[in-house]
Amino acid sequence: MEIDEAVRGCTDRRMRTKYGNAVYVVQRAFALYPFEEVAFSFNGGKDSTVLLHLIRAGYYLYKKDSGDVAQMDAVKNCPLRTIYFESPCAFPEINSFTYETVSTYGLPLETIHSDFKSGLEGLLKEKPTKAIFIGTRIGDPNAVGQEQFSPSSPGWPSFMRVNPILDWSYRDVWSFLLTCKVKYCSLYDQGYTSIGSIHDTVPNALLSDSSTEKSFRPAYMLTDGRLERAGRTKKTNHKIEMNSVAGNGMNNIEGEQMISRAASIIVVGDEILFGTTEDKLGAALCKKLHAIGWRVSHVAVVRNEIDSVAEEVERCKSMDDMVFIFGGLGPLHSDVSLAGVAKAFGVRLAPDEEFEDYLSQLMGNNYTGDRNEMALLPEGITELLHHKKLPLPLIKCRNVITLAATNVHELDTEWDCLLDTQESGLVQAKPFVSKHLGSALSDGVIGYQELGLWL
Ligand SMILES: Cc1cc2nc3c(=O)[nH]c(=O)nc-3n(C[C@H](O)[C@H](O)[C@H](O)COP(=O)(O)O)c2cc1C
Ligand SMILES: Nc1ncnc2c1ncn2[C@@H]1O[C@H](COP(=O)(O)OP(=O)(O)OP(=O)(O)O)[C@@H](O)[C@H]1O
Ligand SMILES: [Mg+2]
C-alpha cells in the first residue's frame, strides 16, 4: 500500500508516530462499526485529503490484520460512503478536486445540498450511519472539547464523530501530503491555507510574494501554522481569531501589534506547602515571563495529588493564554502532574510511542519499572516540544506546558528551548519596563507623612 510504504520509509519520526496513531484510530473505527454504517465527510480541503489517504491506509491494514489476504488486491481502495455538502459558494477548484478525487479512488459519493445539521438529519433518516470520519484538527474553532471519538453534539443527529487527525499540526498535514506525494486542491499552491467559501476566503497575506504583486507562495511554505486561518477574512472577526490563536498557544501575528498575554504558574509539591522547601522556580519563571512582556496572573502551589492539580489546571487553562506547571513529576513523567492535566481536559492517559522512543534512547535498558507507565501522556491533546538541547521533549497539552526542571539552571535551559521552539507558542512581546522607588522609612512613618500631606 503506497501510503503506508511512503510514511514508514520516511525518516521523519514525528510523521511516523502521527501516522501510526491516526491509522490506529481508523482501524478501531472499522473494527467497531459495520462498514456500511460508516461515512467519510470529504470536501476536497487539505485536512480531508490527508484523512482520505489515512482511511485508505487504515482500511488496508485493517483488512490485512483480519486475514482478508485473498481480497488484498481489491483493498487498494476503500469504497467508503463519502458525503460532500456542496454549496453554491464553494470554490470551483474545490468542487472539481472533490469530484475528481472520489472518482480516482472509487468512493461512492453522496452529495448533500443543505446545511450540515439538516443534511445529516436527512442522511441518518435515509441510511443508518453510526460513525463519520471528519478532518477536524486541534485549533479548528469547532475542535474544542473533542477527542478522537466524540459523539455528535446535543441537538445534532446522533452519530460518532471520528477525528483521526485531531492532534495533527498544520506542519504535520503538509509533511504527510508531501511525503506521500498525493494530489491536493490547486488552491493551496496559490497561497490559500484554509478554505471556506468564495465569500470568506482569500490567499493568506503572509504568503504574498513581495517580488510580484499578485502572486503567493504555496500553502506548505507558511511557517507558523497557527496563522493558517489568516485568509479566512470576512467571517473571522477579531474575537474568533484570538480564540483560535489562544487554542494553539500564543502568537506573534507577524507585523501586527502585540497584545499582552497572560500566564499562570502551578507549582506542585507537598514539600513547599509543608514549608520544608522554598519554591524558587515559580519566582524565576515570573521574571522570565515578565521579561518577554507576559503578565503573570497568579502562581498557585498545590498538593502532590491528581485532583488538586486537575482543579487548578481546570481553573487556569480557561482564564489564561498559557499555563505552566512544574513539580509533581517523578524522575520522569510518571507522577501526578500529567494525570492532573489529563483529568482537567477530560481525557485519559495513553501510551505515547514517540515519547517512549525518547525514553528508551535516553535510558537504554537501564530503567527500572514499567517503561510504558513513564510514557503515558494525555491522549489526543499532547504535543511534544523538541529541541536539540533537551534530552526529552517538553510536553504541551493545549495551552498547558509541563516543565521538567527541578532547579533554576534546568529552568534556564528549558526556557531558552521554549523560546526557540515555534510550537511552544511563547512569543516575545515588548518587555515590561518597571521602575523601583526605595525608601528606608517604615510603613507607619510613610502613612503618617501621607496623612500630614492631606491635612
Ligand atoms: C460530518 C459533520 C459532522 C458535524 N457534527 C457536528 C456536531 O456534532 N456538532 C457541531 O457543533 N458541529 C458539527 N459539525 C459542524 C462543524 O463543527 C463545523 O461547523 C464545520 O465543519 C465547518 O467548519 P468551518 O467553519 O471550519 O468551515 C459537523 C460537520 C460535519 C461536516
Ligand atoms: N462541505 C463539506 N462537506 C463535507 N465535509 C466537510 C465540509 N466542510 C467541512 N467538512 C469536514 O470538516 C473537516 C474540517 O473542515 P476544515 O475546513 O477545517 O478542513 P479542510 O476543509 O479539510 O481543510 P482546510 O482547513 O484547508 O479548509 C473537513 O476535513 C471535512 O471532514
Ligand atoms: Mg475547509
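Please order Ile55, Ile446 by the number of other Cβ within 10 Å, starting at the fewest.
Ile446, Ile55
What order do you get for Val301, Val7, Val323 when you list them from fewest to most C-beta neighbours inside 10 Å?
Fewest to most other Cβ atoms nearby, the residues stand as Val301, Val7, Val323.
Cα-Cα over 30 Å: which of Lys287/Lys317; Lys317/Lys388; Lys18/Lys127; Lys46/Lys287?
Lys18/Lys127; Lys46/Lys287, as the Cα separations exceed 30 Å there.
At what distance in nm do the modelled label points of Ser210 and Leu419 sit from each other, each positioned 7 Å from its Cα along Cα→Cβ?
Between Ser210 and Leu419, the label points sit 2.5 nm apart.
Counting only C-alpha contacts under 8 Å and six or more residues apart, can you give the relative contact order of the chain as a whole percent?
12 percent
Once the Cβ-Cβ distance between Glu305 and Arg217 is put in as r, and R0 is 51 Å, what FRET efficiency do you end up with, to the nearest 0.05?
0.50
Can you list the HN-Hα couplings for the range 42-48, worked out from phi with the Karplus curve (6.51, -1.76, 1.60; θ = phi - 60°), rounded to whole Hz and with x for Gly and Pro?
My calculation for the range 42-48 gives 10, 10, x, x, 5, 5, 6 Hz in order.
Within the range 144-166, whose backbone N sits under 18 Å from a point 7 Å along Cα→Cβ of Lys125?
Backbone N within reach: 155-159.
How high is the relative contact order of the range 261-424, given as a whole-number percent (alpha carbon pairs under 8 Å, six or more residues apart)?
Once normalised by length, the contact order is 23 percent.
Take Ser186 and Ser442, extend 7 Å from each Cα along the Cα→Cβ direction, and tell me the distance between the two endpoints in nm.
Going from the Ser186 label point to the Ser442 one covers 8.4 nm.
Where nothing but the Cβ of Lys and Arg (+1) and of Asp and Glu (-1) is charged, how large is the charge dipole of the chain around its Cα centre, in debye to the nearest 20?
Result for the chain is approximately 880 debye, rounded to the nearest 20.
Convex hull over the Cα atoms of the chain, averaged projected area in nm²?
Reported value for the Cα convex hull: 29.3 nm².
Rank these for me by crowding, Ser194, Ser215, going from fewest to most other beta carbons within 10 Å.
Fewest-to-most ranking of Ser194, Ser215: Ser215, Ser194.
What does the charge count near Ser96 come to, summing +1 for each Lys or Arg and -1 for each Asp or Glu among other residues with Cβ under 13 Å from its Cβ?
-2
Quick query: amide H of Phe91 versus all other amide H atoms, modeled in the peptide plane; which residues come in under 5 Å with a sequence gap of 5 or more or a different chain?
Ile198
Rounded to the nearest 10 degrees, what's the angle between the helix 353-363 long axis and the longest principal axis of the chain, both from Cα atoms, 0 to 90?
Computed tilt is about 50 degrees.
Throughout, read-outs are computed from the coordinates displayed, never taken from laboratory work. Here the structure is a predicted model, which is why all the values come from computation and not from measurement. Cβ: placed from backbone, ideal geometry, glycine included. Neighbour counts: every protein chain shown.
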